[in-house]
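Peer 1: Can you read through this structure? Questions will come right after.
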């Protein structure tokens, strides 16, 4: 399908399940994308990253809307793109790839009803008459909670409802690979949760390989089998969603998952090893790595114990073995899921419960004493 066509609109036919593999390089202006990807049949890989990281560019290459400068794209044994520097290029047209792309804009045919939009995708697979296609379309609309709106045209639907029609037709097309670009961004929390279940069930049932671009950690945790993090066109980490988001290696992933990530070098201290960051923060850490080792230290904001005051300067350390204790100052305050989230010196986040607020001095610049048990910390060599 082309960039201006609705998802599932082109004559894709039903694709044969197979792994989606890509190894591509693209240079467009300041962006230099260099990424490898493998999505097994019946699984979802979530692509995360800041704006301008190359996420949508990667989807366009997989869909055939953008030809890479170098690289290959395959579904199963079928070669969709093969571009070699200085050599001949093989690029299968988008409408012949059996790759469904659902972009951020819910593109549907404005002159067709919701039922007719989805039925068009069913008919495009081949082997289904008009009556059976309409019946299947009604089933899909019921699955996305639009059963009572089948006769409405897109102009009479809200943006979120049009997005659900677009998702229904993308799934109804049964492509070999499904590419989803922020598909739940316009939906309320309850509807998004229900549609994640619909996507998951369909991907598993049909053996479709799906790639999901999202800024929402919840999408990755509840839908994806694997996470790939892109920053400035480069894959900085990948793995199971819970592993990547709970023990991140890159500051972007740490911010997305709400996890503290400190990057520095292990050093010896009078009371034991400490991680020394670039801005001089010294945080006691488990004795897992030798002094001089570049390392990353992660721990949850909820694992930090906090009290007001402290006689030592921010950044100094001390305390008994088995517990990291250091002093910092309040930098910023923001609402948290269970109270107040406090940003402290060194960009360390602390979750404070409402019941503890009265005992703390949380003025900007106020000194705090922080403590984290070593059992709640994870120290890893820095990649």
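Peer 1: The conditions are (1) in contact (Cβ under 8 Å) with a residue 40 or more places away in the chain; (2) touching a helix residue (DSSP H, G or I) at 6+ places or on another chain (Cβ under 9 Å); (3) surrounded by fewer than 20 Cβ atoms within 10 Å (Cβ to Cβ); (4) under 25 Å from residue 227 (Cα atoms), and residue 72 fails exactly one of them. Which is it?
Peer 2: Going through (1) in contact (Cβ under 8 Å) with a residue 40 or more places away in the chain; (2) touching a helix residue (DSSP H, G or I) at 6+ places or on another chain (Cβ under 9 Å); (3) surrounded by fewer than 20 Cβ atoms within 10 Å (Cβ to Cβ); (4) under 25 Å from residue 227 (Cα atoms) one by one, residue 72 breaks only (2).
Peer 1: When you go through 295, 249, 278 one by one, which is the residue that is modelled with pLDDT of 95 or more and within 30 Å of residue 215 (Cα to Cα)?
Peer 2: Numbers: 249 fails: modelled with pLDDT of 95 or more; 278 fails: modelled with pLDDT of 95 or more.
Within the list 295, 249, 278, the selection yields 295.
Peer 1: Does the range 327-338 include one or more residues that are without any contact (Cβ under 8 Å) to a residue 40 or more places away in the chain, closer than 13 Å to residue 309 by Cα and either in contact with a strand residue (DSSP E or B) (Cβ under 7 Å, 6 or more places away or on another chain) or surrounded by fewer than 18 Cβ atoms within 10 Å (Cβ to Cβ) (or both)?
Peer 2: yes
Peer 1: Based on this model, can you work out whether residue 347 counts as more than 19 Å from residue 280 (Cβ to Cβ) and either without any contact (Cβ under 8 Å) to a residue 24 or more places away in the chain or touching a strand residue (DSSP E or B) at 6+ places or on another chain (Cβ under 9 Å) (or both)?
Peer 2: When the stated conditions are applied, residue 347 does not pass them.
Peer 1: Also, quick follow-up: If you go through the range 128-156 one residue at a time, how many are part of a loop (DSSP other than H, G, I, E, B), more than 33 Å from the chain's Cα centre (by Cα) and either on the phi > 0 side of the Ramachandran plot or without any contact (Cβ under 8 Å) to a residue 12 or more places away in the chain (or both)?
Peer 2: Residues meeting the conditions: 2.
Peer 1: Shifting gears a bit: Test each condition in (1) over 17 Å from the mean Cα position of the chain (by Cα); (2) at pLDDT 95 or above; (3) not in a strand (DSSP E or B) for residue 18 and report the one that comes out false.
Peer 2: Failed condition: (2).
Peer 1: For the range 51-78, what are the residues that are over 26 Å from residue 167 (Cα atoms) and in a strand (DSSP E or B)?
Peer 2: At the first step, the residues of the range 51-78 found to be over 26 Å from residue 167 (Cα atoms) are 68-72, 77.
The answer is 70, 71, 72.
Peer 1: Could you tell me whether the range 178-186 includes any residue that is part of a loop (DSSP other than H, G, I, E, B), under 21 Å from the mean Cα position of the chain (by Cα), modelled with pLDDT under 95 and surrounded by 20 or more Cβ atoms within 10 Å (Cβ to Cβ)?
Peer 2: Yes.
Peer 1: Counting only residues that are out of contact with any helix residue (DSSP H, G or I) (no Cβ under 6 Å at 6 or more places or on another chain), within 19 Å of residue 184 (Cβ to Cβ) and touching a residue at least 60 places away in the same chain (Cβ under 8 Å), which one in the range 40-52 is surrounded by the most Cβ atoms within 10 Å (Cβ to Cβ)?
Peer 2: 48
Peer 1: Further question on the same structure: If I ask for residues that are part of a helix (DSSP H, G or I) and touching a helix residue (DSSP H, G or I) at 6+ places or on another chain (Cβ under 9 Å), which ones from the range 89-104 would you list? Can you show your working first?
Peer 2: Kept after step one, since they are part of a helix (DSSP H, G or I), are these residues of the range 89-104: 94-96.
Within the range 89-104, 94 is the sole residue that qualifies.
Peer 1: Here are some conditions: (1) more than 28 Å from residue 232 (Cβ to Cβ); (2) free of Cβ contacts under 8 Å to residues at least 60 places away in the same chain. Residue 98 meets all but one. Which one does it not meet?
Peer 2: Evaluating residue 98 over (1) more than 28 Å from residue 232 (Cβ to Cβ); (2) free of Cβ contacts under 8 Å to residues at least 60 places away in the same chain leaves (2) as the failure.
Peer 1: Restricting to the range 105-118, give me the number of residues that are under 27 Å from residue 193 (Cβ atoms) and outside any loop (DSSP other than H, G, I, E, B).
Peer 2: Here the count works out to 4.
Peer 1: Look through the range 259-280, keep the residues that are under 30 Å from the mean Cα position of the chain (by Cα) and outside any strand (DSSP E or B), and return whichever of them is nearest to residue 349 (Cα to Cα).
Peer 2: Per the stated criteria, the residue is 259.
Peer 1: So, one more: What's the number of the only condition in (1) over 24 Å from residue 297 (Cα atoms); (2) assigned to a strand (DSSP E or B) that residue 332 fails to meet?
Peer 2: (1)
The values are calculated or read from the model by the stated rules, or taken from the named source; none is laboratory data. Since this is a predicted model, take the numbers as computed values, not measurements. Don't worry about glycine lacking a Cβ; one is built from the backbone with ideal geometry, like all the others, and counts go over all protein chains shown.
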